[in-house]
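The structure appears below as structure tokens.
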Amino acid sequence: MRTLFFLLIGLIFSGTIGAQQVITYSPSDEIIINPERGFYAHKQSTNAATLLDKDNLISLRENEGISLILMIYYLKDFIDSPISNVALSNIETNFNTMREAGVKCVLRFAYTWNQNSPPFDPPVAMVETHISQLTPVLRSGSDVIAVMQAGFIGVWGEWYYTTNFGFPNPDFQKRNKVVDGLLTVLPDRKMIQLRTPALKYGICDIDHNDVVTAETAFSGTKTSRIGHHNDCFLANETDYGTYVDIETDKAFLEAETLFLPMGGETCNPSSYSECANSLEQMQRFHWSYLNSGYHLTVLNEWVVNGCMPDIKKKLGYRFVLDEGQFTDEAKPGGCFSVDIKLTNQGWAAPFNLRDVEIILKKIDGDEKYWIRLPENPQFWLPEEQDTISHIIKLPENISEGSYQIFMNLPDPEPNLFDRPEYSIQLANQNTWDPETGYNNLQSTLEVTSSASSGECSTSLTVEPFPRIPHLEKITSVNQYSIATRVRLYPNPVTPFQDLTIEFNADFPEKAEIQIISFSGQVLIKEPVEIHPGYNKISLTSTKNLSTGLYLVVITGTTHSYLISKFSLQ
């Protein structure tokens, strides 16, 4: 029905759109480096003391085809205390290094990797404190977080062996405090992952029939933001306990992962990890990413038995241009048409937002024009062909000449949208421009006043460069607090006013109030005493700050009472 609709639109405009050129594209058989998919490199840091090496990350991407890392922070020394400022600063620095190197991460926090040495995690109040401390860092670094695993609970952060969150029977009331905290901290467009289908049933209070569908996907609801990771993939029939009711859980996972992120690692060589079954299972569950370093026996068997190239190509999305039809020539102020067919030959669709742009670049000059189209590649599902078909208007003042037509699939995040490392390369021959991140559609549009096309009407018009990012920079933080009856006023505050915070607390403790810039810099730090019941804190030192947006954070020895945004005018 969708294709028929576009054909009718083309017929309606056939009297006003010029002659068409048809391009048949040649697919590429290469293994392509693309963002948020493929094999990942495992990185970890105890107490966030280790800084990532930018040159190493660039080498991974350029020489090993790895654009994704798994970044695990083991907060070993902070199991009974707040995270240190040094550790928080290092985590922010690592996000900056990832961004500079052109990679993203799957992020996880945990407290231990030793299942023989409890405690495995802190009480829920301390985890809440850590999440609130991490809020400004996670939000400012969210552009390079491909997805965040729930973590924080149990050995390795895998939610199994746990000291304080219910084991062997999960305490979902406590575990939901972690999930709800992370979903509040991260931008609504970002997702987290849980270790098993049963955990999602318990966290979301659903059963196997309540799957995310095309109608409910990417809606910002809790269920639409919780995906899956399997860290014992292909180990045996149950993947070492990943599935309880095997066929029911697998059917649920198969349906969910069309619209939710799926990734993890293998953990045990078995008959289930042989090539034929591995390919079948990765296709069935729409895998986007896998550990490149574990389990080595499984990975080596894939190399020896010849399925590794297919896995490297098909993890995540793989978009292939099939055919394009384009207008030959158009007048300034006139219209041209694009009709592009492409197929997703990968196992999954992109799980994060992705833009679709058409770009015109003058062949004998510097003029460039662009338009963001309404398509959403998150719905370009595996093994399906999609059609992009639009009538697009040219500006009245566009100069005459020949324009090369490109398709760009950029990351919509404002710090990444013009970075070629974060744009999607189509799997075709002679289309990719690594300098810009654009895909050459091998077609030109001649803009000339002598074109035969007449007037046309459409809501889509190309605009001159510079391009404008789809998303705004994150300058807001939702209030996150474990205190009750919180008030922060006046907001905005002027340099001549005190900033006042009121809240109720359960017990006394020493705390610290901090004012933090949105770049993560601590500008003001003062000790405060928290009392049981009503607390009122007035801050006078804001008069020394410049106008702008800031975070106020109140952190005790066992709790973080508040993290919120305020404006100084």
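Phe152's amide H: which non-local residues (gap 5+, or another chain) put their own amide H closer than 5 Å, with H modeled 1.01 Å from N in plane and none for Pro or chain starts?
The list, which skips near neighbours in sequence, is Phe109, Ala110.
Scan region 104-200 for trypsin sites (Lys or Arg not before Pro) in coil per DSSP, keeping those whose Cβ has at most 14 other Cβ atoms within 10 Å, and list them by number.
Arg189
Tell me what the chain gives for mean residue ellipticity at 222 nm when only DSSP H runs of n ≥ 4 count, each as -39,500 (n - 2.57), the sum divided by the residue total, rounded to 500 deg cm²/dmol.
Helices in the chain give a 222 nm mean residue ellipticity of -6000 deg cm²/dmol.
Whole angstrom only: what separates the Cα centroid of region 199-260 from the Cα centroid of region 328-390?
32 Å
Per the Debye formula with a single identical scatterer at each Cα and no solvent contribution, what log10 I(q)/I(0) holds for the chain at q = 0.11 Å⁻¹?
Values returned for q = 0.11 Å⁻¹ are -1.05.
So what is the orientation-averaged projected area of region 38-314, using the convex hull of its C-alpha atoms, in nm²?
Directional mean of the projected Cα hull area for region 38-314 stands at 13.7 nm².
Only sites in a loop by DSSP and with at most 15 other Cβ atoms within 10 Å count here; which GluC sites (Glu not before Pro) in region 395-477 make the cut?
In loop regions of region 395-477 (DSSP not H, G, I, E or B), the sparsely surrounded GluC sites (Glu not before Pro) are Glu396, Glu400, Glu435, Glu455, Glu472.
Considering only lysines 8 or more places apart in sequence, or on different chains, count the pairs in region 38-314 whose C-alpha atoms sit under 19 Å apart.
Count of close lysine pairs: 17.
Of all DSSP beta bridges in the chain, what percent run antiparallel (nearest 5)?
Of all bridge pairs located within the chain, approximately 70 percent are antiparallel.
Would you calculate the separation in nanometres between label points at Glu446 and Asn47, each defined as 7 Å from the Cα along the Cα-to-beta-carbon direction?
7.1 nm
Subtract the Cα-Cα distance of Val304 and Asp171 from 0.36 nm times their separation in residues, and report this length gain in nm to one decimal.
43.5 nm
Please list, in chain and number order, the residues 5+ apart from Thr461 or on another chain whose amide H is under 5 Å from its amide H, with Hs placed from the backbone.
Answer set, sorted by chain and number: Lys393.
Under a Cβ-only charge scheme (Lys and Arg +1, Asp and Glu -1), can you give me the dipole magnitude of the chain about the Cα centre, in debye to the nearest 20?
Rounded to the nearest 20 debye, it is 1420 debye.
Unpartnered cysteines of the chain (Cβ-Cβ under 4.7 Å counts as a partner)?
Taking the Cβ cut-off of 4.7 Å, the unpaired cysteines of the chain are Cys105, Cys204.
Laboratory data are not the source of any read-out in this text; all were calculated from the coordinates shown. The structure presented is a predicted model; accordingly, all values stated were derived computationally and were not measured. When we count neighbours, we look across all protein chains shown, and the Cβ atoms used for this are built from the backbone with ideal geometry, even at glycine.
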